[in-house]
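> Mind having a look at this structure? Questions to follow.
The values are calculated or read from the model by the stated rules, or taken from the named source; none is laboratory data. It should be emphasised that the depicted structure is a prediction, and the values quoted were computed from it without experimental measurement. Accessible surface areas use protein heavy atoms only, side chains included; no ligands, DNA or RNA. Shrake-Rupley method; radii C 1.70, N 1.55, O 1.52, S 1.80 Å.
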Amino acid sequence: MRSCPAPVWILNVAAGARARRILAAVDPDPDNPERDALNREIMEQATSLAVRDGAWLDVMNVWQLPEEHTLRRARACVPEDEIEALLRSTEQRSNWRLQQLAAEFSGRCSMMRVIHLKGKPCETILEHVETDGIDTIVMGTCARTGVAGFLLGNTAETVVKQVPCSVLTVKSGNFVPPAAVHGDMECQSDR
């Protein structure tokens, strides 16, 4: 899943011939071209699949303020109203990005619901799959390898290991497989 440049579709044993409920897990950021391209690819795949199968599509973004726990510690001495203002600002910016992305694809899929939740991505996705009867997830994988992948983890890999449904993972169009990078390095070192 990390090194394959093509979408990887992991089918659940009990998967039907058609999807009924699809979840597109996105994390929009128009200021980050690579992430923006990945989110567009997720939406392309999810809306195409939803239209083909006549399925409902939930477009979900899970947001969080990574520093929130640290800011709330007594030693940080950050007033609660400042923390709340930062949370509101983060939520509004995140929601605006999600709404912009969903609006671009809303004309393609008539049965689309946009969901913006605060939480940890893996936990929130898993909960939504269970409570809303999702049978297919479309999500990106950023293909971190080596120490970065080990330390940072990979939401897609964690979700795949725990969900009872099918998962389609995609990468942005500019993804270069590690073998290709390694091969290029070998060629350069032979010169």
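> Which of (1) within 23 Å of residue 134 (Cα to Cα); (2) open to solvent by 100 Å² or more (accessible area, probe 1.4 Å); (3) among the charged types (D, E, K, R) is the odd one out, the single condition residue 88 does not satisfy?
Unmet condition: (1).
> I've got another one for you. For residue 122, which of the numbered conditions (1) outside any loop (DSSP other than H, G, I, E, B); (2) open to solvent by 50 Å² or more (accessible area, probe 1.4 Å) fails to hold?
That leaves (2) as the condition not met.
> Let me ask another. Among the residues of segment 70-88, is there at least one that is more than 19 Å from the chain's Cα centre (by Cα), outside any helix (DSSP H, G or I) and under 25 Å from residue 157 (Cα atoms)?
Initially, segment 70-88 is screened for residues more than 19 Å from the chain's Cα centre (by Cα), giving 70-88.
If we keep only those that are outside any helix (DSSP H, G or I) too, we end up with 73, 77-79.
Keeping just the survivors that are under 25 Å from residue 157 (Cα atoms) gives none.
No, there is no match, as no residue in segment 70-88 is more than 19 Å from the chain's Cα centre (by Cα), outside any helix (DSSP H, G or I) and under 25 Å from residue 157 (Cα atoms).
> Could you tell me which residue of segment 5-61 is least open to solvent (accessible area, probe 1.4 Å), considering only residues that are more than 23 Å from residue 98 (Cα to Cα) and among the β-branched types (Val, Ile, Thr)?
Once the filter is applied, the top-ranked residue is 8.
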